[in-house]
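Only one structure is covered here, and it is reproduced in the block below.
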Amino acid sequence: MFSYRFFCERVVGLGLLGTLIALFGQPSLAESTPLTLERAVTLAFEADPWLDGSQQTQFALMEEAIAADSLPDPQLSLLTQNVPTSFDVNQENMTQMAIAVSQQFPRGRSRALSRLQKETMAAMEPMRRAERRASLRAMVSHLYLDAYLALASRLLIEADRTLFSQLVDAAEAQYTSASGRARQQDLIRAQLELILLEDRLTVLVQRQEVAQQQLTEFTAAAAYMPFEPQLPDLMTDGARRLITGQATPPVLYSQMEKHPAVLAIDRRIESVAIGIDLARQKYRPGFGLRAQYGYRAEDTDGQSRDDLISLGLTFDLPLFRHNRQDREVSAAVAREAAVRTDRALLVRDLVSQLDAMRADLIRLDQRRTLYQERLLPQMSQQSEASLVAYNNADGDFSEAVRARIAELDAKIDALAIDVAREQTLARINYLLTRSNSSSSPVSLSEGARHD
């Protein structure tokens, strides 16, 4: 009887976590804490420069909003008027030294609308950050689970490689002994399977390294820390309701209305709509006030002359509106319609993705149940039966090897299904994300559009 049977039974009974401990020993407290998925996501949030850039963009827009609601700076003019060519300032009565102050007033409600538009654009940034965090969580989860799948598959193959090594040793011992039942082809088959396992390990190492290298974009060197042995569970109440059929198409569309990406484009629509009101303000004239004080020196006879004061009002005459104001309003209306189209397409795409992810999750759950309840137990029984039959001289060595390989493949397939299920849940959780930010811009300026 082969000496690896006891080890095989241990690996099957302990599962993935037991295999990890069996291969590498019980981890000590002095070792580094394993990298959990939640920790990887937290590191991604902390290291993401986009989130900081969004904060700065929001601050800049709020500052610009205050500036947009301010009057233009007044202009001060210092001038000498009506000076004769002789440059004798006392020669002519009209000669004077003047100082003038002028102030421009923008058209209609342009200042208040400009401020509201900037505030609306600033209100878009929290939604964009919420969508970015949800997207980061989904991306990091996908890469983390890719690396986890490669690592866990390696552990399973490492366990079977040890078994096949013992199988080769046992086959060699029986082949060289006078009473051995092992044939040369049995020995070659065992050695071949061991080589194939080595190749599979090389491929898995490559996949793990690629996934970890991609993960370093978000977690830096932490991507190379030991992973938590337990597969993360990403099932949420929203995902559970989705697969139980409680989320009908109207409900899905209603949920997508609250997705941060949709809320961000809502703020964009509001900003573009304010742009229409801004374009319409150009039909109204802009005003300017001017006040001037002129000082006159004494005349040639020594008689004093009165100083002069001038007051003036300037305003635009928007007479040629067809190729300017009318066109600008038309362009603003078309721009709003285009953004509304973008929103409709975004909602439809999100709902379509959610439907596809729901279908994937349902089928993955079905396959998961099939593997756990029927396929894996039968594979284990077949492997054990083939091994017992061979040990009792009632079975073929190749059949025992094929059964063991089939069981290993089934375990790896079951693991891949579990990981694919969690990756699908990560995407579903992104699609079901809700923003905690207010859905309306700053309320202090809401009345500006209706003044």
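The values are calculated or read from the model by the stated rules, or taken from the named source; none is laboratory data. The structure displayed is predicted, hence computed values, not measured ones. Quick reminder, even Gly has a Cβ in these numbers, built from the backbone with ideal geometry, and neighbours come from all protein chains shown.
Residue 211 meets the stated requirement of being within 37 Å of the chain's Cα centre (by Cα) and either surrounded by 14 or more Cβ atoms within 10 Å (Cβ to Cβ) or modelled with pLDDT of 90 or more (or both). Figure legend. Inter-residue proximity from the stretch 138-157: first residues assigned to a helix (DSSP H, G or I), second residues hydroxyl-bearing (Ser, Thr, Tyr), beta-carbon distance below 8 Å, spacing 6+ or different chains. Indicated pairs: 138/430; 140/219; 155/19; 156/19. Checking every residue in the stretch 351-369 against the condition of being more than 48 Å from the chain's Cα centre (by Cα), in a helix (DSSP H, G or I) and either charged (D, E, K, R) or assigned by TED's automatic domain parsing to the domain that holds residue 408 (or both) gives zero matches. Selection of first residues in the stretch 223-236 that are assigned by TED's automatic domain parsing to the domain that holds residue 151 and of second residues that are modelled with pLDDT of 90 or more and part of a loop (DSSP other than H, G, I, E, B), restricted to Cβ pairs under 9 Å at least 6 apart or on distinct chains, gives the following pairs, ordered by first then second residue: 227/36; 228/36; 230/36; 232/36; 236/432.
Going by the structure shown, is residue 307 of a type in the set (D, E, K, R), more than 24 Å from residue 345 (Cα to Cα) and exposed (fewer than 12 other Cβ atoms within 10 Å of the Cβ)?
no
Residue count for the stretch 260-290 under the criterion of being in a strand (DSSP E or B) and more than 26 Å from residue 68 (Cβ to Cβ): the result is 0.
Right, residue 281: in contact with a Gly (Cβ under 7 Å, 6 or more places away or on another chain), touching a residue at least 40 places away in the same chain (Cβ under 8 Å) and either under 26 Å from residue 111 (Cβ atoms) or of a type in the set (D, E, K, R) (or both) or not?
For residue 281, the condition - in contact with a Gly (Cβ under 7 Å, 6 or more places away or on another chain), touching a residue at least 40 places away in the same chain (Cβ under 8 Å) and either under 26 Å from residue 111 (Cβ atoms) or of a type in the set (D, E, K, R) (or both) - is met.
Among the residues of the stretch 37-47, just one is in contact with a Lys or Arg (Cβ under 7 Å, 6 or more places away or on another chain) and either outside any helix (DSSP H, G or I) or surrounded by fewer than 18 Cβ atoms within 10 Å (Cβ to Cβ) (or both), namely 45. Across the stretch 290-307, a minimum of one residue is classified as more than 23 Å from the chain's Cα centre (by Cα) and among the hydrophobic types (A, V, I, L, M, F, W, C). The residue of the stretch 356-393 that is nearest to residue 249 (Cα to Cα), among those that are charged (D, E, K, R) and at pLDDT 90 or above, is 358.
The conditions of being surrounded by 15 or more Cβ atoms within 10 Å (Cβ to Cβ) and either under 26 Å from residue 124 (Cα atoms) or hydroxyl-bearing (Ser, Thr, Tyr) (or both) are not met by residue 60.
Taken together, 91, 96, 81 contain a single residue that is of a type outside the set (Gly, Ala, Ser), more than 51 Å from the chain's Cα centre (by Cα) and crowded, with 20+ Cβ neighbours inside 10 Å, which is 96. Here the stretch 247-304 is the region considered, the condition is being β-branched (Val, Ile, Thr) and within 30 Å of residue 339 (Cα to Cα), and the residue that is surrounded by the fewest Cβ atoms within 10 Å (Cβ to Cβ) is 248.
Summed over the stretch 252-297, the residues that are farther than 20 Å from residue 345 by Cβ and not charged (D, E, K, R) give a count of 18.
The conditions of being over 23 Å from residue 289 (Cβ atoms) and modelled with pLDDT under 60 are met by residue 19.
When you check residue 330 against the structure, is it more than 40 Å from the chain's Cα centre (by Cα) and either within 22 Å of residue 189 (Cα to Cα) or at pLDDT 80 or above (or both), yes or no? It is false that residue 330 is more than 40 Å from the chain's Cα centre (by Cα) and either within 22 Å of residue 189 (Cα to Cα) or at pLDDT 80 or above (or both).
Looking only at residues in the stretch 99-126 that are of a type in the set (Ser, Thr, Tyr) and within 30 Å of residue 435 (Cα to Cα), the one that is surrounded by the most Cβ atoms within 10 Å (Cβ to Cβ) is 120.
Which one of the conditions (1) at pLDDT 90 or above; (2) surrounded by 11 or more Cβ atoms within 10 Å (Cβ to Cβ); (3) not hydrophobic (A, V, I, L, M, F, W, C) does residue 316 fail to meet, given that it meets all the rest? Of everything listed in (1) at pLDDT 90 or above; (2) surrounded by 11 or more Cβ atoms within 10 Å (Cβ to Cβ); (3) not hydrophobic (A, V, I, L, M, F, W, C), residue 316 misses just condition (1). From the list 305, 290, 348, the one residue that fits, being modelled with pLDDT under 95 and assigned by TED's automatic domain parsing to the domain that holds residue 420, is 348. Which residue is farthest from residue 237 (Cα to Cα), if the candidates are limited to the stretch 397-435 and must be out of contact with any Ser or Thr (no Cβ under 8 Å at 6 or more places or on another chain) and not in a helix (DSSP H, G or I)? Among those that are out of contact with any Ser or Thr (no Cβ under 8 Å at 6 or more places or on another chain) and not in a helix (DSSP H, G or I), it is 435. Could you tell me which residue of the stretch 230-249 is farthest from residue 361 (Cα to Cα), considering only residues that are assigned to a loop (DSSP other than H, G, I, E, B) and modelled with pLDDT of 80 or more? This residue is 230.
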